[in-house]
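Please treat every number below as a calculation from the coordinates, not as lab data. What you see is a predicted model, and the numbers here were worked out from it, not measured in a lab. In this analysis, Cβ positions are derived from the backbone assuming ideal geometry, glycine residues included, and neighbour counts consider all displayed protein chains.
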Amino acid sequence: MPTPTNSLKAVRGTRDLLPPETALWNHVETIARSVFSRYGFGEIRTPIFEDTQLFARGVGEETDIVSKEMYTWEDRARAQSEKAQSLTLRPENTAGVVRAYIEHKLGDTGQLQKLFYIGPQFRRERPQRGRYRQFWQMGVEVLGPTSSGAESPLRDAEVLEMLATLLDELGVKGWRLEVNSVGSTDDRKRYNAALREALQPVKSRMCEDNQRRAETNPLRVLDSKEPADQEIINGLPKIADFLDESSQSHFAQVLAALDACGVAYTVNPRLVRGLDYYTRTTFEFTVPDGSGLGTQNALLGGGRYDGLSEMLGGPKAPGIGFAIGEDRLILTLQAQAEAEVAAKMDAYIAPMGVERNAAALALARELRRAGLSVEVGDGGFRLKKSFEAADRVARRIVILGEDELASGVLTVKTFATGEQTKVTRAEIAAALRA
Ligand code: HAM
């Protein structure tokens, strides 16, 4: 006797994506691919797991991602010649792309590399709406040797302008771009020291998390949403006062180019972002409350990482990129009721009686071959059930009964208008396309 067991479920923080929602995912990815290619990006696919060291060194040991959110395991050696290795499911894709850039010596081409990716990432976060343990990102990275112009503020502005275009083409309403500059690595060191000093006398009045951050990674205090601590945080030193001249001028040029393109933005001096590799420009796009994301209102984030390649043992390769949280983008589109893009099928063929099933399938074959999307019902359904099923999935219903088969004239009903017409077999494809 088999012992009864609990039924298995998807792991906490992961989910199945099912039709018809997957049609929206495909639609979003198709538009993203089309926009990315118009801006000269080519696709890169890197492995889903990497050496743990890549993220420890790239993203930073002190970040939340590396210190508590990674799925890491010891991969045992399978042969004497192999060594055991610590591996990690990628929590993000920038480090992997830069590793691939170094490994394949893409810098030797002297050309600017414009790469995009679409794929799942993994972080052991507390799951909630818009925050999952397996989530999807659509991202780009622009990097290359300094001589390729990779450091130019023009590249930052181009990436931001492309995002504005992409979000508009997707129909995202009310997005806001927040930008900041976190300066060079040296600027950030000086700012960190100043923050630590400013936090010293006030930190005991802050929440436990911020007290800990004040010690381990003072920049993270700026991300805090703790209402009681906001007054103290607003009074802390601002990164803008610690930028050296070249970072200041770089940032001014990014903003001037955005102005020239007519892309609206807000400078948010607290936007420092949760990954250690950022230098100079950082940014996030957010959506208004009520866009389906709850407190997770960051649709996407990114920035410049001029020292990352060197941190990973590669050549100097300044770069900038972003990653869109695709799950959040979908939630936003659904909440903003733009989800109709997952359009209904052209027709539903309803055979009247099982003896009409074969004829219905033959008609469906003809219409599908003519390029129409068609669903076929079952002759065993009552008329009412056929109408209900058709209304759910298709714009029109085609009735196929004995009379219709004998006369070759079919009855077609359009749900949106309620209009019912008779159409000859020869004209049916054109009528359904209208
Ligand atoms: P990030 O801010 O960690 O940056 O993630 C980018 C976006 O991924 C977030 O704005 C959010 O929409 C989405 N996201 C992050 N975590 C989750 C989660 N647990 N569930 C659902 N969505 C999530 C990066 O990952 C950088 N690699 C971006 C980048 C590219 N910077 C330069 N190049």
Requested in this report: For the stretch 344-433, please report how many Lys pairs fall under 17 Å Cα to Cα, leaving out neighbours fewer than 8 apart on the same chain.
Outcome: 4
Report task. Find me the longest stretch of the chain that has none of the exposed GluC sites (Glu not before Pro), where exposed means in a DSSP loop (not H, G, I, E or B) with at most 12 other Cβ atoms within 10 Å. Result -> 83-418
Query - Sites matching trypsin sites (Lys or Arg not before Pro) across the stretch 30-109 that sit in DSSP coil, with at most 15 neighbouring C-beta atoms within 10 Å - result: Arg45, Arg76, Arg78, Lys83, Lys105
Report summary line: Of the residues Phe387, Gly401, Val374, the Cα lying farthest along the dipole of the stretch 344-433 towards its positive end, which is defined by charges on the beta carbon of Lys, Arg, Asp and Glu, belongs to Val374
Report summary line: Per DSSP, the loop-located chymotrypsin sites (Phe, Trp or Tyr not before Pro) within the stretch 39-126 having at most 13 other beta carbons within 10 Å are none
Report task. Compute log10 of I(q)/I(0) for the stretch 206-277 with the Debye formula, placing one identical point scatterer on every Cα and leaving out solvent, at q = 0.18, 0.24 Å⁻¹, to two decimals. Result -> -0.83, -1.13
Requested in this report: Work out the charge dipole of the chain with +1 on the Cβ of Lys and Arg and -1 on the Cβ of Asp and Glu about the Cα centre, then indicate which of Ala214, Leu18, Gly119 is farthest towards its positive end.
Outcome: Leu18
Query raised in the report: Is any helix in the chain, taking whole DSSP H runs, at least 27 angstrom long along its axis by alpha carbon and on average at least 1.6 on the Kyte-Doolittle scale, and which ones?
Result: none
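Below 8 Å, C-alpha to C-alpha, sequence gap of six or more: please give me the relative contact order for the stretch 120-206 in percent. Provide the component values of the computation, followed by the final result.
On the way: 28 pairs, mean separation 10.5, N = 87.
Relative contact order here is 12 percent.
Over the chain, what is the relative contact order in whole percent, taking alpha-carbon pairs under 8 Å and six or more residues apart?
Working: 751 pairs, mean separation 65.0, N = 434.
15 percent.
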Query - Given charges at Cβ of Lys, Arg, Asp, Glu: the stretch 1-149 dipole, positive-most of Ile31, Thr5, Tyr101 - result: Thr5
**Report entry** Spatially proximal lysines relative to Lys9 (Cα-Cα < 26 Å; intrachain offsets below 8 disregarded)
**Finding:** Lys68
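Can you tell me the dipole magnitude for the chain around its Cα centre, using point charges on the Cβ only (Lys, Arg +1; Asp, Glu -1), in Debye to the nearest 20? Intermediate values should be presented prior to the final figure.
Details: 56 positive and 60 negative charges, 207 e Å.
Here the size comes out at about 1000 debye.
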Report task. Using only the Cα atoms of the stretch 344-433, each taken as one equal point scatterer with no solvent, compute I(q) by the Debye sum, divide by I(0), and report log10 of the ratio at q = 0.24 Å⁻¹. Result -> -1.32
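Given that compact globular proteins tend to follow 2.2 N^0.38 Å, what is the ratio of the alpha-carbon Rg of the stretch 168-256 to that value?
Numbers: Rg = 15.7 Å, N = 89, 2.2 N^0.38 = 12.1 Å.
Ratio of Cα Rg to 2.2 N^0.38 Å: 1.30.
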Query - D (Stokes-Einstein, µm²/s), Kirkwood Cα radius, the chain, 1.567 mPa s at 4 °C - result: 51 µm²/s
